[in-house]
Ligand SMILES: [Fe+2]
């Protein structure tokens, strides 16, 4: 936690202190800036610009805040449901290595953004499961069902099917269209990665956001009934297409829960995560809650780690 002294302005403070901040982030995985008043778009953007080489604009999975291209709203998801731990975009071919959350309005109750050290997750998981996940990798299957999730047009920012096919091909994804225009994308990805700068092994995936095991039973059963197991909006399997065992999924959930760290948000707080060292989630909440999100310093598996992934293994150091 870095707390502001009276009169501190974060961008100028970082001109001197950025190396220390980066060192602490690599060590702890996360840094919380408190008292710098970073809950406004302008100061939040300035802080991101001062802490990133590259700020990511046009990210398809989060709603953009009006009047800006680099500030997003947090995931719109019912307040009475928890968002389980995940690393941002770890199911895609490119992901941010830094992620920022700033608090505009803290919830009246709950609404924390809990975090987990993914190096520690690897140490606590059953080594046989880690070995299986590392060797077999993951297969994410996403079916863009209109009205149920982000539409493919919004996700890929185009109306053109051929453009979607080109994007998929460039990132190594397989895509297919149903007769009714529904798009399905199948993507191989890592479950365990090596951090590009520190080389540390990290549990790096979105198993909990994609595997229907983690949905409420009533929702899971309804989805299976309506769409069937092959057309679920999201699913994740071992890389060879076999389902991940329910006991393994329960074990993953328990390890995350045991290691979770959470703090109550204060207005103006900004949390910076190393997205490969830390997974994040969202607790249930009551009342108005507004957290804004920023993403920076992208890493591309396709451009930098493709050979390590070709055999289903972990992402190697860049
Ligand atoms: Fe997220």
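With the cut-off at 38 Å, report for the chain the share of all Cα pairs above it, as a whole percent. Beyond 38 Å sits 11 percent of the P(r) for the chain. Working note: Cα atoms of the stretch 137-210, range along each principal axis, descending, whole Å: 44, 24, 18.
Distance from the Cα centroid of the stretch 140-166 to that of the stretch 193-216 is 23 Å (rounded to whole angstrom).
For the chain, modelled as a GNM whose springs connect Cα atoms under 10 angstrom apart, the maximal fluctuation among 55, 116, 219 occurs at 219. By DSSP, what percent of the beta bridges with both residues in the chain are antiparallel, rounded to the nearest 5? In the chain, DSSP labels about 95 percent of beta bridges as antiparallel.
Once the Cα atoms of helix 161-170 and of the chain are each reduced to a long axis, what angle between those two axes, in degrees from 0 to 90 to the nearest 10, is obtained? Around 80 degrees separate the two axes. Percent of Cα-Cα pairs per 10 Å bin, from 0 to the last occupied bin, for the stretch 34-110, please list those. Taking every Cα pair in the stretch 34-110, the percentages come to 15, 48, 34, 4.
Cβ crowding within 10 Å ranks 109, 278 as 109, 278, fewest other Cβ atoms first. Descending by average beta-carbon neighbour count within 10 Å, the peptides 240-246, 91-97 line up as 91-97, 240-246, the highest first.
Between the helical axis of 246-259 and the longest alpha-carbon principal axis of the chain there is an angle of about 0 degrees.
One Cα centroid belongs to the stretch 175-192, the other to the stretch 10-75; the line between them spans 32 Å. Sorting 57, 103 from the fewest to the most surrounding beta carbons within 10 angstrom yields 57, 103.
Could you please rank 8, 173, placing first whichever residue has the fewest other Cβ atoms within 10 Å of its Cβ?
8, 173
Site pair residue 247 and residue 15 shows an inter-label distance of 6.0 nm when each label is modelled 7 Å from Cα along Cα→Cβ. Could you tell me which of rounded, prolate or oblate describes the stretch 120-162, using a ≥ b ≥ c as the square roots of the eigenvalues of the alpha-carbon gyration tensor, with rounded for a/c under 1.5 and, failing that, prolate when a/b is larger than b/c and oblate otherwise? Note, shape of the stretch 120-162 comes out prolate. Using the average count of surrounding beta-carbon atoms within 10 Å as a protection proxy, the listed peptides 11-23, 148-160, 261-273 rank, highest first, as 261-273, 148-160, 11-23. For the chain, the relative contact order is 38 percent, taking Cα pairs closer than 8 Å that sit 6 or more residues apart in sequence and dividing their mean separation by the residue count.
Every pair of different Cα atoms in the stretch 60-153 enters the Kirkwood calculation, which places the hydrodynamic radius at 16.7 Å.
When ranked by the protection proxy of mean other Cβ atoms within 10 Å per residue, highest first, what sequence do the peptides 119-128, 248-257 form?
The peptides rank, most packed first, as 248-257, 119-128.
Between the helical axis of 217-227 and the longest alpha-carbon principal axis of the chain there is an angle of about 50 degrees. Taking only the alpha carbons of the stretch 1-72, we obtain Rg and Dmax values of 13.1, 38 Å in that order.
Each listed q (0.11, 0.15, 0.19 Å⁻¹) maps to a log10 I(q)/I(0) for the stretch 189-257 from the Debye sum over equal C-alpha point scatterers, namely -0.32, -0.57, -0.84.
Readers should treat all values here as calculations from the given coordinates under stated rules, not as data from a laboratory. Keep in mind it's a predicted model, so treat the numbers as computed, not measured. Neighbour counts are summed over all protein chains in view; Cβ atoms, including those assigned to glycine, are modelled from backbone coordinates with ideal geometry.
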